[in-house]
Amino acid sequence: MNGPPARVYACACLECQRATGSGFGYRARFSRASVIGIEGERRVWRRGSDAGRWVDQTFCPKCGTLVYMEAEALTDAVMISAGCFADPDFPPPAAVFWASRRHTWYDLTEGIETFG
């Protein structure tokens, strides 16, 4: 990566819950220009969004990790799963999408924007 993410966020939509096996996805959005390179074998699964647009989920075929996502609605963005950075000091989410679908135990701290 070249530079910091444009946004770090969590998403509690049902698709992110299914994809991660958790209560939410935790990702960092970067501009395509920030991505220096993508290496290694990968597979893509295309799904639809609630708005009827496509979302490509790219994963490692060996371990199944969801590595990054691309979306029709965000043509200049790549959303990388925060866990792939293996950095315990990675920034916390500044926003939660589909907050209405989050698990009740997922307590939002003050200052986090919520959408949906």
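Values quoted throughout were computed directly from the atomic coordinates according to the rules given, and no laboratory measurement underlies them. Note that the structure is a prediction, hence the values are computed from the model and not measured. Because the Cβ atoms are built from the backbone with ideal geometry, glycine has one as well, and the counts that use them run over all protein chains shown.
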Go through the stretch 1-43 residue by residue and tally those that are basic (Lys, Arg) and more than 27 Å from Arg101 (Cα to Cα). 3
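Quick test for you: out of Arg32, Arg46, Arg27, pick the one residue that is under 19 Å from Arg7 (Cβ atoms), surrounded by fewer than 12 Cβ atoms within 10 Å (Cβ to Cβ) and among the basic types (Lys, Arg).
Just a single option satisfies the conditions, and that option is Arg32.
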Looking at the stretch 93-114, is at least one residue part of a strand (DSSP E or B) and of a type in the set (Ser, Thr, Tyr)? yes
Can you report the number of residues in the stretch 39-57 which are under 25 Å from Asp89 (Cβ atoms) and in contact (Cβ under 8 Å) with a residue 12 or more places away in the chain? 1
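Pick out the one residue from Ala77, Ala71 that is in contact (Cβ under 8 Å) with a residue 40 or more places away in the chain, touching a Lys or Arg at 6+ places or on another chain (Cβ under 9 Å) and surrounded by 11 or more Cβ atoms within 10 Å (Cβ to Cβ).
Exactly one of Ala77, Ala71 is in contact (Cβ under 8 Å) with a residue 40 or more places away in the chain, touching a Lys or Arg at 6+ places or on another chain (Cβ under 9 Å) and surrounded by 11 or more Cβ atoms within 10 Å (Cβ to Cβ), namely Ala77.
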